[in-house]
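First up is the structure itself, then whatever we jot down about it.
The values are calculated or read from the model by the stated rules, or taken from the named source; none is laboratory data. Only a predicted model underlies this, so the values are computations on that prediction, with no experimental measurement involved. Cβ placement follows ideal geometry from the backbone for every residue including glycine, while neighbour counts extend to all protein chains displayed. The protein model used for the area step is the full one, side chains on, heavy atoms only, and it has no ligands, DNA or RNA in it. Shrake-Rupley method; radii C 1.70, N 1.55, O 1.52, S 1.80 Å.
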Amino acid sequence: MESTIIGEFDTRRGAELAVEHVVQECGVPRSDVFVQAAGDANTVGTRPAGSDVKAAPAPQGRQKLEGLIEVSVDFHGDTPERIADALRSAGATTVRTR
C-alpha cells in the first residue's frame, strides 16, 4: 500500500533526527523523505534547539521561529505504524497519514 506519513516538529533538530530514524532504522530511501515548512513562512520551527541555540552572545535575530517543520515520508509497504512511531520518537507533535 502506498501512502504519505507526515510528522510536524517544533524544532529543526527534531525534524533532522526524524529523517535519520526513518532512513536508518526503518530502511526508507532518503529520496522518499522530504523536509519543509508546514506553512508559507520560512522557519526553523517554533522554538530554538540544537545548533539554533547559542550559548553566548544573545541571538542576532537570524532565526525564523515562525511555524512548524513538516517531515513527510512516501511509504510503500504494509506497516506504516513503524514510520509513525519513528517520527513520534524523534519528537513529532502530530503524525498523520495522507
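For the stretch 32-46, does any single residue satisfy the condition of being assigned to a helix (DSSP H, G or I) and at pLDDT 90 or above? Yes, the stretch 32-46 has at least one match. Any residue at all in the stretch 10-27 that is modelled with pLDDT under 95, open to solvent by less than 40 Å² (accessible area, probe 1.4 Å), closer than 13 Å to residue 75 by Cβ and out of contact with any Ser or Thr (no Cβ under 8 Å at 6 or more places or on another chain)? There is at least one residue in the stretch 10-27 that is modelled with pLDDT under 95, open to solvent by less than 40 Å² (accessible area, probe 1.4 Å), closer than 13 Å to residue 75 by Cβ and out of contact with any Ser or Thr (no Cβ under 8 Å at 6 or more places or on another chain). Filtering the stretch 1-22 to residues that are touching an Asp or Glu at 6+ places or on another chain (Cβ under 9 Å) and aliphatic (A, V, I, L, M) leaves 1, 5, 6, 15, 22. Among residues of the stretch 74-98 that are closer than 8 Å to residue 5 by Cβ and modelled with pLDDT of 95 or more, those with a Cβ under 9 angstrom from a residue that is of a type in the set (S, T, N, Q) and open to solvent by 80 Å² or more (accessible area, probe 1.4 Å), sequence gap 6+ or separate chain, pair up as 84/97. Scanning the stretch 14-33 for residues that are within 24 Å of residue 66 (Cβ to Cβ) and either within 8 Å of the chain's Cα centre (by Cα) or in contact (Cβ under 8 Å) with a residue 60 or more places away in the chain (or both) yields 14, 15, 16, 17, 18, 19.
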